[in-house]
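Heads up, the thing below is written out as structure tokens.
The values are calculated or read from the model by the stated rules, or taken from the named source; none is laboratory data. Since we're looking at a predicted model, the values are computed, not measured. Cβ sites come from the backbone with ideal geometry, for glycine too, and all protein chains shown count toward neighbours.
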Amino acid sequence: MLDHASFYRSFLQFMQRSCEPMLLLRQGQLLASNQALLDVLGYQNDLLLQQVPLSSLCRSAEGDTQMHFAACLDAGQGSCNCQWRALNGEWLEAQCHFTRLADGNEDILHVSLRFQDQFGPSANVQLQLYEQVFDSSNEAVVITDKHQKIVYANRAFCDLSGYTVNELVSQDIRLLRSGKHDDDFFLNITLQLMEKGFWSGELWDRNKQGQDFLCQVRLSAILDEYRRPCYFVGVYSDAGSHTGSLHQLRTLAYQDELTGLPNRALLMQLIPHQINQCRREGGSFGLMFLDLDRFKQVNDSMGHEAGDMLLRMVAERFSAVLRTSDTVARLGGDEFVVLVSHASGPESVSRVAEKIIQCLEKPFLIRGQAVEVGASIGISLFPQNTEQAAELLHQADIAMYRAKKSPESSFVFFCEDLNQELVHYKQVEQQIREGLKRGEFIPYYQPQVDSLTGQFVGVECLARWRHTSRGIIPATEFISVAERSGLIQEVFLQVLGQAIAHIGLWKQMYDRQIQVSVNISGHQFCDYQNIEQMSELLKESGLAPGSVKTEITESSLMDNGQYLLERLAWVKTAGFSIALDDFGSGYSSLRQLNILPVETLKIDRSYMSNMEDEPGDRLIIKAIIQLSKTLGIGVVAQGVERQEQVTFLQENGCHVMQGYHFSKPLPAAEFERLLATQAG
């Protein structure tokens, strides 16, 4: 492998040779740019361009440019449409694709740009440019026309093949065939080149001396002014060597490391290409967003290595059942996307979805154990649903979530009601971002009361949104959007920061140590960075450890399994006590409950509301109370609204209660007045 310094030098060399405008960013600052970008923007050299602040050079149509770039850096990849300011002051539209690259201890962001107002050089001009670039390249490069006749070979390719330039030019590229591949193999390569514009993989060729050699080959199409392939460039590197920098860079940028499938960066180039092709030909295509069912159970029970093995096997099955013209990409985790080309309508796409579901029906054999997984699939159609690449992917994602919730179907098409859901989702997401900037997310407090004394023994902190026009919005109306958009931690910390400040103030004013409970999702629990941020807030406040109790639902514990169990220790070490919320709504293992560092069980509120009509619910409540006593765990009844419920709970030994019978959730000022009354 190349060391960081060598890799960085190779990458800069690759950039300078590229005809595609490119630049590198480090910590939001322009680090380097290539000649292609300087030519487009009209700058004489890289140093002049580096003196221009990025905020003056680029603006994004999707909001704050620096924030968007930072998000792409965190995600490892991304894309957006931006405007770039030329030296003459003109703003040029460009489609930008981002890839994070490691440089020692720091990460840099590689940006590849395609300027929309410039159609690009003609095929002949491109060919001349390629010749100039590849003449000095250490990579073996050959260029053929659409009839497979060799029109150019550089010195490195001549050394590799053993032929001279004169012996190669005008010859059919099949001169180099080794006989190890059949005609179908080369037909598939040709189809991919014609449809997608590229192909990469291993290829056995034969040199002039009759010896077979294995190479990593990257084939790319050069398009004419009508966007038709007319020349093909082949870049060869020794498959047994890792010194091929161009191959390394291409793999890093566009290939999923685990499965070898195209990654998100490449997918977001293929979708616009497919859109343009369908617009020219009047065609259509489908986009399928897939999420594996039961994959998390494999990861938890068998380990991450087994999970990786399963993902590779799934990728192989997907590739085997799809047509050559279709593309399957892995976005990350257990999420895949399939681009279904030449779709005549929903029926043809649904047949592909059925193939994918069927190919997963046979169990996978991992370490001698049979493993079963399924898939939930969301489908969007071009041009029926939208003509925008990002929208198509987002719509398919929305439909996939609907498929997850639907017991009747494993795949769901995006439709008008889902479209309205998407519009609402985007509106709420944007409003959440604006609300975070204005500090609109606030804590409400619902006391936990000792029913025997009437004293507050704790308080649950509930997130509320103080919306500028709608007033106070309950968490049920925005939490799901915050979770799916990745904003949940910002909302949570904004609310928690205020809650910690409040209990610190109340301790000083009333000499009362009020323990505040906060709800946290399974995803937040599993992210150590989130726990560290919470811990820092607690340390800075000066409050005693245990002042904040984290509540995680029983269902989250079930969903995340052993993976979450391992992380409960983080929370305990960070100074937080733990409550298991909505207990009784799932089926937690009693063995697990015995070893969990949980201090409180909160009885699911549904038992309270049904106890008068469902005698069985009374028995369950009694059993939970008895279980908590046996394990030495505290118990809180939530959702208490009537005196009959209070009496029943007291008779069965549960005295700490929470609900509208005692108080509804209150803003900080009103809750403080209750505290003052008790203190008086």
Selected residue (only one of 329, 343 is touching a strand residue (DSSP E or B) at 6+ places or on another chain (Cβ under 9 Å) and at pLDDT below 85): 343
Please verify whether region 669-678 includes one or more residues that are closer than 27 Å to residue 505 by Cα, of a type in the set (Asp, Glu) and surrounded by 13 or more Cβ atoms within 10 Å (Cβ to Cβ). yes
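Within region 633-680, can you find the residues that are small (Gly, Ala, Ser), without any contact (Cβ under 8 Å) to a residue 24 or more places away in the chain and in a loop (DSSP other than H, G, I, E, B)?
Passing the criteria: only 680.
Yes/no per residue for (1) closer than 22 Å to residue 16 by Cα; (2) charged (D, E, K, R); (3) out of contact with any Lys or Arg (no Cβ under 6 Å at 6 or more places or on another chain); (4) surrounded by 16 or more Cβ atoms within 10 Å (Cβ to Cβ):
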{"site": "55", "(1), (2), (3), (4)": "no, no, yes, no"}
{"site": "58", "(1), (2), (3), (4)": "yes, no, yes, yes"}
{"site": "100", "(1), (2), (3), (4)": "yes, yes, yes, yes"}
{"site": "112", "(1), (2), (3), (4)": "yes, no, yes, yes"}
Quick check on my filter: what residues within region 182-216 are of a type in the set (Gly, Ala, Ser) and either touching a Gly at 6+ places or on another chain (Cβ under 8 Å) or in a strand (DSSP E or B) (or both)? 200, 201
Counting only residues that are surrounded by fewer than 15 Cβ atoms within 10 Å (Cβ to Cβ) and among the charged types (D, E, K, R), which one in region 178-220 is nearest to residue 255 (Cα to Cα)? 202
Out of the residues in region 1-15 that are touching a Ser or Thr at 6+ places or on another chain (Cβ under 7 Å) and assigned to a helix (DSSP H, G or I), state the one that is modelled with the lowest pLDDT. 10
Taking region 364-382, which residues are in a loop (DSSP other than H, G, I, E, B) and in contact with a Phe, Trp or Tyr (Cβ under 9 Å, 6 or more places away or on another chain)? 372, 373
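Conditions tested, residue by residue: (1) assigned to a loop (DSSP other than H, G, I, E, B); (2) basic (Lys, Arg); (3) over 20 Å from residue 401 (Cα atoms); (4) outside the structural domain of residue 197 (by TED's automatic domain parsing).
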site: 305; (1), (2), (3), (4): no, no, yes, yes
site: 313; (1), (2), (3), (4): no, no, yes, yes
site: 320; (1), (2), (3), (4): no, no, yes, yes
site: 324; (1), (2), (3), (4): yes, no, yes, yes
site: 338; (1), (2), (3), (4): no, no, no, yes
site: 348; (1), (2), (3), (4): no, no, yes, yes
site: 362; (1), (2), (3), (4): yes, yes, yes, yes
Counted residues in region 370-385 being within 16 Å of residue 420 (Cα to Cα) and among the hydroxyl-bearing types (Ser, Thr, Tyr) come to 1
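Hand me the list of strands (runs of 3 or more DSSP E) wholly inside region 470-585 holding 2 or more residues that are at negative phi, at pLDDT below 80 and crowded, with 18+ Cβ neighbours inside 10 Å.
Answer list for region 470-585: 548-553, 577-583.
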Would you check if residue 398 is in a helix (DSSP H, G or I), under 29 Å from residue 473 (Cα atoms), modelled with pLDDT of 90 or more and not assigned by TED's automatic domain parsing to the domain that holds residue 81? no
When residues of region 361-372 are limited to those that are surrounded by 14 or more Cβ atoms within 10 Å (Cβ to Cβ) and either touching a strand residue (DSSP E or B) at 6+ places or on another chain (Cβ under 6 Å) or under 20 Å from residue 396 (Cα atoms) (or both), the one modelled with the lowest pLDDT: 371
For region 364-407, give me the residue count where each residue is among the small types (Gly, Ala, Ser) and farther than 25 Å from residue 95 by Cα. 9
Selection count where residues are of a type in the set (D, E, K, R), closer than 21 Å to residue 257 by Cα and in contact with a Phe, Trp or Tyr (Cβ under 6 Å, 6 or more places away or on another chain), scope region 66-103: 1
